[in-house]
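The values are calculated or read from the model by the stated rules, or taken from the named source; none is laboratory data. In this text, all values refer to a predicted model and were calculated from it rather than measured experimentally. All Cβ positions, glycine included, derive from the backbone under ideal geometry; neighbour counts span all protein chains shown. Side chains included, ligands, DNA and RNA excluded: accessible areas come from the protein's heavy atoms. Shrake-Rupley method; radii C 1.70, N 1.55, O 1.52, S 1.80 Å.
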Amino acid sequence: MDARINLFDNALGAKFAQRFANAGLVIQQSSLPRSTQELVSLRASQINGCGWCIDMHTKEAVAAGEDPVRLNLVAAWREATVFTEPERAALALAEEGTRLADAHHGVSDETWARAREHYDDDQIAALVALVALINAANRLAVIVHQRGGSYEPGMFAAATS
């Protein structure tokens, strides 16, 4: 299956992608740890079945020094010993924030409270924005059939600058 459209080659799509990437820069430059950002992006992308985003965030995480063992265990983070309590809280929030249609309550009070134990106001704002942004990115890529496998670290930043 080929991509339906290359949004980066379309004038409107490229303009949107650049602004989308700029929104992501706000999160990247926040005090939310980069490793947490990549783990959250990877987990939401797994849930949404976005091959492009899984490919991108796995490779970006490895390029930033993330341990491949941890990346391989993200889908089963509850049954793994390699994640910190703050990361577990972020992954729980990411899952509940991604599975909105699966649960009428969205993010539970318990999950929110656990995240607030570990993240200050700026970090929690970045985490909420990240969950929203990666879910939007997943939908864009899945709708146009942007397939995973060909991504190279830094590719997205280069395409949108």
Checklist entry - Using a 1.4 angstrom probe and counting only protein chains, how large is the accessible area of I5 in Å², to 10? => result 70
Checklist entry - Rounded to the nearest 10 Å², what accessible area does D120 show when all protein chains are kept and the probe is 1.4 Å? => result 80
Next on the checklist: Rolling a 1.4 Å sphere over the protein heavy atoms, what is the accessible area per residue of segment 1-55, to the nearest Å²?
Outcome noted: 54
Next on the checklist: Probe radius 1.4 Å, ligands and nucleic acids ignored: give me the carbon and sulfur share of the accessible area of segment 87-161 as a rounded percent.
Outcome noted: 56
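By the scheme Lys and Arg +1, Asp and Glu -1, what is the net charge of all other residues having a beta-carbon under 14 Å from that of G106?
Cβ neighbours under 14 Å give a net charge of -4.
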Next on the checklist: When a/c reaches 1.5 or more, the comparison of a/b and b/c decides; with that in mind, is segment 89-138 rounded, prolate or oblate per its Cα gyration tensor?
Outcome noted: oblate
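Give me the one-decimal Kirkwood hydrodynamic radius in Å for the chain, with the sum taken over alpha-carbon pairs.
Values: mean 1/r = 0.0621 Å⁻¹.
Result for the chain stands at 16.1 Å.
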Next on the checklist: Along the Cα→Cβ direction, 7 angstrom out, place labels at S31 and R78. What is the inter-label distance in nm?
Outcome noted: 3.1
Checklist entry - What's the extension gain from D67 to R116 if we count 0.36 nm per residue and subtract their Cα-Cα distance? => result 15.1 nm
